Amino acid sequence: MGVLELRDLCIEYSLGNGAALAVDKVSLAIGEGEYLGLVGESGCGKSTIAKAILGILPRNGRVVSGEILYRGRDIVGLSVAEMNRLRWQAIALIPQSAMNGFDPVYTVEQQIAEAIDAHVDWPVARKRERIDEMFALVGLERSRLTDYPHQFSGGMRQRAMIAMAMVLDPDVVVADEPTTGLDVIVQDQILHRIKQIHTSLKKTMLLITHDMAVVAENCDRIAVMYAGKLVEHGAHDVFERPFHPYTMGLCNAFPDLADVGRALVSIPMAPPPLDAMPPGCRFAERCPFATDLCRSEEPELSSVGEGHAAACHYIARAEEFRERARLYETWQAGAVAT
Amino acid sequence: MNNLRLYLLRRLALLLFVTAAVLTILFVMFKLLPGNPLSVFIDSNFSEEMIRRQKQLWGLDDPLWLQYVRYMWNMLTFNFGTSFFQMTPVRDIVVEKLLHTGAMIVPAVVLSVVLGTLLGSWLGWRRGSRQEGAVVIGLLALRSVPSFFVGIIVLMVFSYNLGWFPPGGMVSIGGHGDSFLGTILSLDFLYHLVLPCLVLMTREITSPALLLRSTMLEVKGSDFLDILRAKGLPERRIVMHATRNALLPLVTDVAVMMGFLFQGQVLLEIIFAWPGVGRELVTALNDLDYPVAQACFFVMALIILMFNFVADVLYAFIDPRVALS
Amino acid sequence: MTPAHTVAERGGTGRRGVLGTIGHTLRVIMRYPTGAFGLFLLALVVIVALIGPLISPYGPFDVVQTAQGRIARLVPPSSVALLGTTNQGNDVLSQLLYGTRVALMVGVISAIGSVVLGTLIGLVSGYFGGKVDEAIMRFTDVAFGIPFLPFALIVISVAGPSLPLVILLVTLFLWRTTSRVIRAQVLTLKTRPFVWAARAAGASEWRILFVHIAPNVLPLSFLYMAIGVQGGVMLEAALSFLGFGDPNVVSWGSMLNQSFRAGAMRSAWWWVIPPGVALSLFVISVFMVTRAYEELLNPRLRET
């Protein structure tokens, strides 16, 4: 059994005129010490999952059905007090926007200490020591502890965020797009730092990102989401032998060193709006291989290998699709047709 | 920390510079403008000799620079001389009138800020609703209605017509308390305070309300609140974080408002016959009592400058981003 | 030549021409209910200001007489005097109509004066920066340190009350905010590419400032001019109410002053209410138009 497990999780946002199902029956499990990457385009529901795990969905969002199991215990619908006991100690968050993740009017140290104080009763000296240790872990100078967030660069702020996330030695760490808004070199450093923490401290981790390359480089397992649905998940062969055309498209979006001459292919068009889902496969509209079946009937996740599953009607033709998906023309034709 | 000190020093230097400049303008104004300040009490009965003695007495024979230096020194040491008509030091008069003005402004500002803050948070909360829109338009319109006309209407209705409140003054005639503190703690004073305070509030409540509405919206949307929740902080800690951030701009606003009101309430003091510094200035000008007028003007200017200074300093302390940028 | 072209297109007034821009702006303001209402009221005020003396039954200082030939003092509204009379026997309605012209004149002249002054100062200060900017900003700080009402009262009491002096004082009060706002706007504008393009094309500094930057701050200047009209009318009324207005001119403020001093609050509501209501309506109408225009300039306002 996984440390963290989602079972048929459905999350809905109520909008002014109706509701949108942002996460639709997603089931996922993260095993002890595993590093899972959750990938998808923005708006596919992956950040909503992170928020649901920590119980910080915005006011208009709620889990309508399904379970979030932490070590076998459903944490959906826990009282605030019960949830607060789990937060940060059991499950910590490295947020999307470290830029605004700190309260601007308190020092970084005060805010880290605040996280400690909310959960454990440590003497001042022990707190100091622990915070120092965390700063060393993420490679920040301890003299910067008394600085205010705005005195930090973006990368430093994100490292301080990591230090804050690790301060209570949490069981699970959720990193929600931890490198948004940072420049490429800093992105690399931050991801490297997180990976290091994962390997050295044997942490169970969930990395949420839109970047396939990041997952390929860092994670043990991968889950791909599209328009609120899980479309494929598995270990490394998801990259090597993707079965869902969407995954194939995503894999195309990052440069392949072995195949320098090939043009970068991206998937044309945008995902369907959450409150107007098509009846069949949600990817059908953008899929170059879609048929009438795809447009009318929704495919179920089915096993395609050891711990590898994909939700496509044509997993049998995956080999052929993979070949065609590598070609630029394939995706262009799809765009023109619709 | 060094940055903060530097900022404070710069701000202090600016305060001194502006104060000196305002004083100089006041000096030049009285020197350049036509009219001899002594003409008020010098009339045709005065002999040449008497006029010269008077001029000497008031220092008007000295070279201009000496007059200037002496004037600056006197003003900065709050040595305003003696009133032409009331045989008391101007300083005593001005201090008393300032206290009276404060007795009207401070309660009005405190109430406005408390109620305005509550109203503003409510507006931020109900954002986008029909009531919210109506209240905001109402507040904006209220802000543009001349408050002295509101004062006149209020006085007509509640005092002359309904007879609920006294038609003006700070205490009943003959009802002077023995001390300022004794006076402002008396029921009689509160009774007189109600109407002017209400009128001031109709205007002053608008700015904290509108300000808090927009900052509340801004703070509510900030990411750090999510992080605080994720950290497992108790609700009251999160509210504390949000409030402290939302109140930041209010601090400046209140200080500037206080400073401004010390000169802006002249009209209300006239309407409500409130013996404050603004009414004293008008009286002094009508009587051509220049030492008093000069002192009133100077203290009003000084109060505005002080409150602006306090606003900036406070802001630098509560918002660490200010001093550093 | 190409850069100049780009700038003209970026300019707030664009290619529509001045009249076209004004027409367009008015049409947009009309789309807001409050804006339309404000414009309607404002048009009424302007018409009254223009033709007031023609339609007013008496002169502002004419003494109305009763049928018996006595001076009609403090007569309530009647067929002789639609809004009643003052304690001097003057017709309140006539004074109100004449006062409209004064209010509009003070408001408009001081608003234009202050905006021209404030815009020029803001442009120069923001564009040239450095020592010039520093000096101007300190000067502005001093101006902000002067309490307006007491200052105006002292100047008027020493120099003697007159309408031009009131207008001058109001102008001196209003330019400060405009110049700060314009300066801030210029600071952001001068880093825009079209300024570099103009410079590269060999335009002189003054040409860049007035041909390329100034048109872009004009909409903001107009906004502050509208706000200035509001402030000007209010300040004139305040000074007149305190008895520091021009004694030879009837304004709403001086009417309120006279009625207040005569104790009309107690006995003659018709002498108190009309000038106060006229003043409030005028100020609110300007405010409503300003608000609509502001939203037009800055659509984000609607959101916050």
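Yes/no per residue for (1) in contact (Cβ under 8 Å) with a residue 24 or more places away in the chain; (2) within 18 Å of the chain's Cα centre (by Cα):
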| site | (1), (2) |
| --- | --- |
| B:Ala230 | no, no |
| B:Glu235 | no, no |
| B:Ile238 | no, no |
| B:Val251 | yes, yes |
| B:Leu268 | yes, yes |
| B:Ile271 | yes, yes |
| B:Asp319 | yes, no |
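Just the residues that are more than 9 Å from chain C (Cβ to nearest Cβ) and within 14 Å of C:Ile146 (Cα to Cα), please, taken from region B:283-297.
Across region B:283-297, the qualifying residue is only B:Ala295.
Which of the residues belonging to region A:181-202 are under 17 Å from A:Ile30 (Cβ atoms) and open to solvent by less than 20 Å² (accessible area, probe 1.4 Å)?
The initial filter retains those residues of region A:181-202 that are under 17 Å from A:Ile30 (Cβ atoms), namely A:194-195, A:197-199, A:201-202.
Of everything in region A:181-202, those that are under 17 Å from A:Ile30 (Cβ atoms) and open to solvent by less than 20 Å² (accessible area, probe 1.4 Å) turn out to be A:Ile194, A:Ile197, A:His198.
With a cut-off of at least 2 residues that are touching a Cys at 6+ places or on another chain (Cβ under 9 Å), modelled with pLDDT of 85 or more and within 30 Å of C:Val286 (Cβ to Cβ), name the helices (runs of 4 or more DSSP H) lying wholly within region B:52-146.
Numbers: elements: B:64-76, B:90-125, B:130-144.
Output list reads B:90-125.
Please count how many residues of region B:219-233 are facing chain A (nearest Cβ under 7 Å), open to solvent by 10 Å² or more (accessible area, probe 1.4 Å) and part of a loop (DSSP other than H, G, I, E, B).
So the count comes out to 1.
Identify, please: which residue in region C:100-159 is within 14 Å of chain B (Cβ to nearest Cβ) and among the acidic types (Asp, Glu) and is, among those, least open to solvent (accessible area, probe 1.4 Å)?
Result: C:Asp141.
Enumerate the helices (runs of 4 or more DSSP H) found wholly within region C:199-304, keeping only those where 2 or more residues are open to solvent by 20 Å² or more (accessible area, probe 1.4 Å), at pLDDT below 85 and more than 9 Å from every other protein chain (Cβ to nearest Cβ).
Helices (runs of 4 or more DSSP H) meeting the threshold: C:214-241, C:252-261, C:269-297, C:300-303.
So, in region B:283-325, exactly how many residues are among the hydroxyl-bearing types (Ser, Thr, Tyr), assigned to a helix (DSSP H, G or I) and at pLDDT below 85? Write out each step before concluding.
Of the residues in region B:283-325, the ones among the hydroxyl-bearing types (Ser, Thr, Tyr) are B:283, B:290, B:315, B:325.
Filter again for assigned to a helix (DSSP H, G or I), leaving B:283, B:290, B:315.
Restricting the remaining residues to those that are at pLDDT below 85 gives B:290, B:315.
Residues that pass the stated criteria total 2.
Among the residues in region C:115-128, are any at positive phi and in contact (Cβ under 8 Å) with a residue 24 or more places away in the chain? Show your work before the answer.
Residues of region C:115-128 that are at positive phi, as a first pass: none.
No; the residues of region C:115-128 include none that is at positive phi and in contact (Cβ under 8 Å) with a residue 24 or more places away in the chain.
Identify all residues within region A:47-72 that are under 22 Å from A:Tyr246 (Cβ atoms) and open to solvent by 10 Å² or more (accessible area, probe 1.4 Å); write none if there are none.
Filtering region A:47-72 for residues under 22 Å from A:Tyr246 (Cβ atoms) gives A:47-50.
Selection gives A:Ser47, A:Thr48.
Working only within region B:142-164, note down all residues that are open to solvent by less than 20 Å² (accessible area, probe 1.4 Å) and at the interface with chain C (Cβ under 9 Å from one of its Cβ atoms). Lay out the reasoning, then the answer.
We begin by selecting, within region B:142-164, every residue open to solvent by less than 20 Å² (accessible area, probe 1.4 Å); these are B:144, B:146, B:148-149, B:151-152, B:155-156, B:159.
Residues satisfying the conditions are B:Ser144, B:Pro146, B:Phe148, B:Phe149, B:Ile152, B:Leu155, B:Met156, B:Ser159.
Which ones in region A:99-114 are modelled with pLDDT of 90 or more and within 8 Å of chain B (Cβ to nearest Cβ)?
Matches in region A:99-114: A:Glu114 only.
This table checks each residue for (1) within 14 Å of chain C (Cβ to nearest Cβ); (2) over 30 Å from B:Tyr191 (Cα atoms); (3) surrounded by 23 or more Cβ atoms within 10 Å (Cβ to Cβ).
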residue	(1), (2), (3)
B:Arg244	no, yes, no
B:Val251	no, no, no
B:Leu268	yes, no, yes
B:Leu281	yes, no, yes
B:Ala311	yes, yes, no
B:Arg321	no, yes, no
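Which residue out of B:Val95, B:Val109, B:Val114 is open to solvent by less than 30 Å² (accessible area, probe 1.4 Å) and more than 11 Å from chain C (Cβ to nearest Cβ)?
On the way: B:Val95 fails: open to solvent by less than 30 Å² (accessible area, probe 1.4 Å); B:Val114 fails: open to solvent by less than 30 Å² (accessible area, probe 1.4 Å).
Checking each option against the conditions leaves just B:Val109.
Quick one: which residue in A:Glu114, A:Glu141, A:Glu133, A:Glu129 is open to solvent by less than 20 Å² (accessible area, probe 1.4 Å) and out of contact with any Ser or Thr (no Cβ under 7 Å at 6 or more places or on another chain)?
Step by step, each of A:Glu114, A:Glu141, A:Glu133, A:Glu129 is checked, and only A:Glu114 is open to solvent by less than 20 Å² (accessible area, probe 1.4 Å) and out of contact with any Ser or Thr (no Cβ under 7 Å at 6 or more places or on another chain).
Output yes when any residue across region C:78-94 is crowded, with 18+ Cβ neighbours inside 10 Å, among the charged types (D, E, K, R) and modelled with pLDDT of 75 or more, and no when none is.
yes
Filter region B:120-131 down to the residues that are within 24 Å of C:Thr290 (Cβ to Cβ) and either in contact (Cβ under 8 Å) with a residue 60 or more places away in the chain or surrounded by 19 or more Cβ atoms within 10 Å (Cβ to Cβ) (or both) and list them by number.
Answer for region B:120-131, where residues must be within 24 Å of C:Thr290 (Cβ to Cβ) and either in contact (Cβ under 8 Å) with a residue 60 or more places away in the chain or surrounded by 19 or more Cβ atoms within 10 Å (Cβ to Cβ) (or both): B:Gly120, B:Leu123, B:Gly124, B:Arg127.
The values are calculated or read from the model by the stated rules, or taken from the named source; none is laboratory data. In this text the structure is predicted, and so the values were computed from the model without any measurement. Counting neighbours? That spans all protein chains shown, and the Cβs are built from the backbone with ideal geometry, glycine included. To get the accessible areas, we keep the full protein, side chains included, count just its heavy atoms, and leave off ligands, DNA and RNA. Shrake-Rupley method; radii C 1.70, N 1.55, O 1.52, S 1.80 Å.
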